[in-house]
Amino acid sequence: MSHREYTLEEIARFCGGELFAKNQNKVSALCTDSRKVQVAATSLFIALRGQQRDGHKYLRQAYDKGLRSFLVQQDTLLGSLEDCSYILVPDTTKALQQIVAHHRSNFDYPVVAITGSNGKTIVKEWLNQLLASEIRIVRSPKSYNSQIGVPLSVWAMGDEHELGLFEAGISQVGEMEKLEKIIQPTLGILTNIRQAHRENFSSQLELAQEKVKLFRHAKKVICSSQYREAIQELRQLAPHLDIVIWGDTADSKYSVSSAALADKGSNLTLQWKNQQSEFYLPFSDKASIENALHCIVCLLEMNYDAAWIARRTGKLLPIEMRLEILRGKRGNALISDAYSADPESLIIALDHLANRMGDEERVLIISQMHQAAISLQEQAKQLRAIKSQYRLKKILVVGAEISEHLDDPNIHTFQSTDDLLASSELTDIQSSSVLVKGARVYAFERVIHALQEKTHDTIMEIDLDAMAHNLNTYRQLLKPHVRLMVMVKAQGYGTGSDEVAQFLEFNQVDYLGVAYTDEGIALRNQGIGLPIMVMNPERGSLEALIDAHLEPEIYSFETLERFALALKTKQVNHAYPIHLKIDTGMHRLGFRFNEMDELAKRINAMPQVEVISAFTHLAASDEDVRDDFTRQQLDLFQELSGKLKEALGHDFLCHALNTAGISRFPEYQMDLVRLGIGLYGVSADTRLSLRNVGTLKTIISQIKEIAPGESVGYSQAFVADKTLKIATIPVGYADGLFRSLGNGKASVEVFGKMAPIVGNICMDMCMIDVTEIPCAAGDEVIVFGKNPTIQRLAQMANTIPYEILSSVSERVKRIYLKEDS
């Protein structure tokens, strides 16, 4: 399947841009993410500028991936790059939309546009299920319905397709007219007009007025009879439009005469003209019936036979959207819908709860409905009504304002999500079906996390949002010209080097640092293209280092000669980048002050190498009592590196500051700094507002009552002096929990309380005292994170945080968390 190609001159004409051309490339693909380049030669990179990220920062990265055609809204470095063409426009988002609108105009097959408050993606996917075996369809991937998602979807249209299915979503006035010009639908479906996502509209009428603009130039639109405001707006907007109404009103073209419940589904009877047909649906909730009727009517309007449609509707498969069904602790089943909180979607989710979960007791956990245009009194009234209607045993409501309107003994209120998590209400829920539904502001994913049973008992959670915060914290300390190297040695200090390196490359750090060659090769194998310095290149790995385009630290004459020999063996004819290590007081690796003249002499005789940087390693930059020594190191390094530059006859980067040095010795930033454990939220500098990145957590495997005189663990190291409740957790010294932390030296956190480790720590597990903590098997245990911190655990183990983090075993699964992808 090939895509239409356009010349850059045509692209520039479509969007009214100014073309600066150095090649004759044609464009068949659009790229907005430099990490996801498919075919560089025929791709146009579009530098989108949003609130969180500016695509112009990734132009060099895109260029290095092979892209040579760009759409930008500011004159940048592109003009200086060889064989690079770019189109300059005032607004790249608007230009993207204009380009795709022109592309869309090349095709005359039917295009169905779907909009509404709920159900857009389900209707689109069900239409695809029903028709995919009959005709070739192009459709929106996932829920690509935004100002960016729609043009990227419509760009996929090709000559081989016979039908387009695209959904359109809006968040404010003025957006739908832009999407209409891109999609140019021939047929429309308005799923519904409800309260969801209405924050930026003054009324439901204004929302309806905006939604129907999608169908201004369509031939016909399908709509349920219950949305009268939308129907009226359609008639005023486009008098020519054929409005196909289904429902139970006099103007309904398709009359739904019955919707009877059947075994595990529903039977619908539809009448139109002089015809009548029955359709079986494998669903019984109102939302699914409404979505299915849109699909049925759409197919009838496309002249498909009713009997043919009926044979297929009974085989419709559910589309898992934002509702997630999860296994919970204590025998609970969870339905997660933390996307929105409004009356209509609440009923949809409750129907889902009632139809999917059988006869278990039902619990609703919900936030105040900020998205809904109904009063707090009406919200409270609805909650009281649904408690009876859906046979809910308990409702837990979070929201400061709504609490005073609820006085039912089985409706428990909380001022905040923190208050709910701190209570015992969640641990009291057992063998129940639990619907968790909340507006985003309440961060109900934390509630799901507290209720969910973990597939992997012991895990290491890596918070990438916290990592980004820490990275930006250190970046703000740097002078404008200073570059940044981040160390990812020892599996990214135990957090996983591959994922962390990809994160750092996306966030455009300048260099990565690893300890050994095999670590650098592993990153190259994962597609990491950043320059990588190898701190300790072993003798036998130098040729492999060259093959992987890694840059060695040269710390002795022996390593220099060996590397020169490896370059000769590999027949490298260009000047290969190296980094010189200068020993200013650490006395570990590096050239001494009295070796500078000889070092310069040898390098000058080696045209096959080029000194990219020289650096030193600070021995005590985090200890203020040794600041005089640190400054001696720094001053000596500046003196020696200056002499070396003079002797070599060229400039190179100089760097000395590590994590502690970045914040404590800003006057010595030089050309580059090396960030290490500070990225993970560990620093002795209390002035920095760093966030914890790594959390090691597990669960309780079993709880036993121990009588006075009974022992726990190997060697009877612990003997109870009273009746105790002892929990076993599946984490031991093979996972990275030091054996020295046993016998009461360290504690772990269970429900916000500290539980001391009792007895000797075993290889795969250890025991904790939970006598004063209400808990059960399956409950979460924090080994380190926010409490206890890595620093605290290191202090108790008489070691440093580096060792705690990097000691977490590879058998512990790493899970990466990110709020915004």
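Brief remarks on what is shown
- Within the range 123-143, the residues that satisfy the criterion of being farther than 22 Å from Asp305 by Cα and buried (at least 20 other Cβ atoms within 10 Å of the Cβ) are Val138, Arg139, Ser140.
Rundown of residues vs (1) under 21 Å from Glu710 (Cα atoms); (2) open to solvent by 40 Å² or more (accessible area, probe 1.4 Å); (3) at pLDDT 90 or above, yes/no style:
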{"residue": "Tyr733", "(1), (2), (3)": "no, yes, yes"}
{"residue": "Val770", "(1), (2), (3)": "yes, no, yes"}
{"residue": "Asp779", "(1), (2), (3)": "no, no, no"}
{"residue": "Leu805", "(1), (2), (3)": "no, no, no"}
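- Scope the range 694-718; condition among the β-branched types (Val, Ile, Thr), assigned to a strand (DSSP E or B) and touching an Asp or Glu at 6+ places or on another chain (Cβ under 7 Å); matching residues: Thr695, Thr698, Ile699
- Test result for Val682, part of a loop (DSSP other than H, G, I, E, B), of a type in the set (A, V, I, L, M) and either loosely packed, with under 15 Cβ neighbours inside 10 Å or in contact with a Pro (Cβ under 9 Å, 6 or more places away or on another chain) (or both): yes
- Residue check for Gly678: closer than 26 Å to Asp628 by Cα and at pLDDT below 95: yes
- For the range 570-594, the candidate set comprises residues that are within 25 Å of Asn525 (Cα to Cα), of a type outside the set (A, V, I, L, M, F, W, C) and at pLDDT 95 or above; within that set, the residue that is surrounded by the most Cβ atoms within 10 Å (Cβ to Cβ) is His579.
- Any chance Gly732 is within 23 Å of Asn798 (Cα to Cα) and assigned to a helix (DSSP H, G or I): no
- Pair list, Cβ under 7 Å, 6 or more apart: the range 547-574 residue within 26 Å of Met485 (Cα to Cα), other residue small (Gly, Ala, Ser) and part of a loop (DSSP other than H, G, I, E, B): Tyr555/Gly590
- Answer from Glu505, Glu561, Glu598, Glu610 - the residue that is open to solvent by 10 Å² or more (accessible area, probe 1.4 Å), among the charged types (D, E, K, R), in a helix (DSSP H, G or I) and under 25 Å from Lys65 (Cα atoms): Glu505
- Scanning the range 368-378 for residues that are buried (at least 16 other Cβ atoms within 10 Å of the Cβ), at pLDDT below 85 and not aliphatic (A, V, I, L, M) yields His370, Gln371.
- Criterion applied to Asn743, Asn692 was being under 19 Å from Gln795 (Cα atoms) and within 35 Å of the chain's Cα centre (by Cα), and the one residue passing it is Asn692.
- The set of residues from the range 75-90 being assigned to a loop (DSSP other than H, G, I, E, B) and open to solvent by 40 Å² or more (accessible area, probe 1.4 Å) comprises Asp75, Glu82, Asp83, Pro90.
- The range 149-162: number of residues that are under 17 Å from Ser43 (Cα atoms) and open to solvent by 20 Å² or more (accessible area, probe 1.4 Å): 2
- Subset of the range 43-69 that is polar (S, T, N, Q) and touching a residue at least 24 places away in the same chain (Cβ under 8 Å) - its residue that is surrounded by the fewest Cβ atoms within 10 Å (Cβ to Cβ): Gln52
- Entry remark, the range 745-763: residues being assigned to a loop (DSSP other than H, G, I, E, B) and of a type outside the set (Val, Ile, Thr) number 8 in total.
- Summed over the range 394-430, the residues that are closer than 22 Å to Leu353 by Cα, out of contact with any helix residue (DSSP H, G or I) (no Cβ under 9 Å at 6 or more places or on another chain) and of a type outside the set (Asp, Glu) give a count of 0.
- Long-range neighbours under 6 Å by Cβ, at least six apart or interchain, first residue on the phi < 0 side of the Ramachandran plot and in contact (Cβ under 8 Å) with a residue 12 or more places away in the chain within the range 707-721, second among the aliphatic types (A, V, I, L, M) and loosely packed, with under 10 Cβ neighbours inside 10 Å: none
- Flag set for Thr584, criterion: of a type in the set (Ser, Thr, Tyr) and closer than 20 Å to Asn658 by Cα.
- Every residue from the range 126-169 that is among the polar types (S, T, N, Q) and closer than 23 Å to Cys31 by Cβ: Ser140, Ser143, Asn145, Ser146, Gln147, Ser153
- For Ile11, the stated conditions do not hold, so it cannot be described as part of a strand (DSSP E or B), surrounded by 15 or more Cβ atoms within 10 Å (Cβ to Cβ) and at pLDDT 85 or above.
- Among strands (runs of 3 or more DSSP E) entirely within the range 222-302, having at least 3 residues that are open to solvent by 50 Å² or more (accessible area, probe 1.4 Å) singles out 254-262, 275-281.
- Some residue of the range 535-550 being open to solvent by less than 90 Å² (accessible area, probe 1.4 Å), assigned to a strand (DSSP E or B), among the hydroxyl-bearing types (Ser, Thr, Tyr) and farther than 16 Å from Lys645 by Cβ: no
- Pairs are defined by a Cβ separation below 8 Å, a sequence spacing of at least 6 or placement on different chains, a first member in the range 288-304 that is over 19 Å from Thr115 (Cβ atoms) and modelled with pLDDT of 95 or more, and a second member that is of a type in the set (D, E, K, R) and open to solvent by less than 10 Å² (accessible area, probe 1.4 Å); no pair meets this definition.
- Listed by position, the helices (runs of 4 or more DSSP H) inside the range 91-167 whose residues that are over 23 Å from Thr313 (Cβ atoms) number at least 1 are 92-104, 149-154.
The values are calculated or read from the model by the stated rules, or taken from the named source; none is laboratory data. Computed from a predicted structure; not experimentally measured. In this analysis, Cβ positions are derived from the backbone assuming ideal geometry, glycine residues included, and neighbour counts consider all displayed protein chains. What goes into the accessible areas is simple: the full protein's heavy atoms, side chains included, and nothing from ligands, DNA or RNA. Shrake-Rupley method; radii C 1.70, N 1.55, O 1.52, S 1.80 Å.
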